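Trainee: Here it is, the structure in full.
The values are calculated or read from the model by the stated rules, or taken from the named source; none is laboratory data. Fair warning: this is a prediction, and the values are worked out from it, not measured in the lab. Glycine also receives a Cβ, built like all others from the backbone with ideal geometry; neighbour counts cover every protein chain displayed. Accessible surface is based on the protein model in full, side chains and every heavy atom, while ligands, DNA and RNA are left aside. Shrake-Rupley method; radii C 1.70, N 1.55, O 1.52, S 1.80 Å.
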Amino acid sequence: MGGITLDRDGAVAVIRFDRPDKLNALTLAMYEELGAAFDEVRDDDAIAVAVLTGSGDRAFCVGADLAESIPALAEGRFDISEWDGAHQKHTTLFKPVIAAVNGLCLGGGFEIMLSTEIRIAAETAEFGLPETGVGVVPAGGTLTRLARQIPYVWAMELMLEGDRITAERALRYGLLNEVVPAAQLMDTALRRAHRLTEKSGTALATVKEAVLRLGDLPQDQAFHSEALYGQKAFTSADARAGLDAFAARRRPDFPSRRGSTPSG
């Protein structure tokens, strides 16, 4: 049947869509499992960063298993808000999540990718939002997120026309940080993840929370709230450790990282 797996690579959690024979299409149970995996990353102090990817080399995730989910939604047996945890709506996970897109990234898979902070794709990856072609819409965060992340006209083209685009085009649109050969994808994602484990956990969490919380505020109110986030970081134990290390010209030992498991 397949499901969601979570493995550890030191302080990095590797979450996988693990249904490769079905292009990692999500069953209703997998949506629940993915939300639970994100909660585990949030709550476990030994985890600093997560990498999200798909099993196999054909697909990252092609979204919901339509044979199961569409009838459930259309018949009113299921409320789409139950997928909020998987789509990271209203999230309180402020640790970075890196998407390693290893193949087809369509529909709900595309939507879940949009909830991540850093996105790396294999050269062979393809992206698309085909929902309008089957009479539905990308309501897993995309109607809200996409036009806030990339230019309006490109966002509308993707949502209205539903055509697939290449990884290089997705990079040009601003959906991705990096495109690499498929054989280098996981090494690249894990290398970037482990680099983040060397940063202050307090600072990373503050950056992510602030960006998510301040985006919809009027500018003056956002500036006021930004100062509060900044003050919280500047007065933290991590800041004291980091500034002491800087003055002594040594690597900082951040208190926020002392519960994390080093890579091995």
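Trainee: What's the total number of residues in the range 210-240 that are in a helix (DSSP H, G or I) and open to solvent by less than 40 Å² (accessible area, probe 1.4 Å)?
Mentor: Of the residues in that region, 8 qualify.
Trainee: Enumerate the pairs (first residue in the range 1-23 and in contact (Cβ under 8 Å) with a residue 24 or more places away in the chain; second residue anywhere and part of a helix (DSSP H, G or I) and open to solvent by 40 Å² or more (accessible area, probe 1.4 Å)) with beta-carbon separation below 6 Å, excluding pairs fewer than 6 apart on the same chain, so at least 6 apart or on different chains.
Mentor: These pairs meet every condition: Gly3/Glu33; Ile4/Glu33.
Trainee: Residue check, Phe127 against (1) touching a helix residue (DSSP H, G or I) at 6+ places or on another chain (Cβ under 8 Å); (2) at pLDDT 95 or above; (3) in a loop (DSSP other than H, G, I, E, B); (4) not aliphatic (A, V, I, L, M), all met but one. Which one?
Mentor: Here Phe127 meets the rest and fails (3).
Trainee: Identify, by number, the condition in (1) over 20 Å from His87 (Cβ atoms); (2) not in a helix (DSSP H, G or I) that Glu168 doesn't meet.
Mentor: Failed condition: (2).
Trainee: With the requirement that a residue be within 16 Å of Ile4 (Cα to Cα) and among the β-branched types (Val, Ile, Thr), what does the range 100-116 give you?
Mentor: Result: Val101, Ile112.
Trainee: Hey, another quick one. For the range 171-199, which positions are open to solvent by less than 50 Å² (accessible area, probe 1.4 Å), out of contact with any Ser or Thr (no Cβ under 9 Å at 6 or more places or on another chain), in contact (Cβ under 8 Å) with a residue 40 or more places away in the chain and part of a helix (DSSP H, G or I)?
Mentor: Thr188, Ala193, Leu196
Trainee: Mind listing whichever residues of the range 38-55 are farther than 25 Å from Gln184 by Cβ and free of Cβ contacts under 8 Å to residues at least 60 places away in the same chain?
Mentor: Passing the criteria: Phe38, Asp39, Glu40, Arg42, Asp43, Asp44.
Trainee: Could you please let me know if Arg145 is open to solvent by less than 80 Å² (accessible area, probe 1.4 Å) and either modelled with pLDDT of 95 or more or among the hydrophobic types (A, V, I, L, M, F, W, C) (or both)?
Mentor: Values: open to solvent by less than 80 Å² (accessible area, probe 1.4 Å): yes; either modelled with pLDDT of 95 or more or among the hydrophobic types (A, V, I, L, M, F, W, C) (or both): yes.
Yes, satisfied.
Trainee: Another question about this same structure. Under 9 Å by Cβ, and 6 or more places apart or on different chains, what pairs join a residue from the range 93-114 that is closer than 15 Å to Arg58 by Cα and open to solvent by 10 Å² or more (accessible area, probe 1.4 Å) with one that is part of a loop (DSSP other than H, G, I, E, B) and among the β-branched types (Val, Ile, Thr)?
Mentor: So the pair list comes out as Asn102/Thr124; Leu104/Val62; Leu106/Val62.
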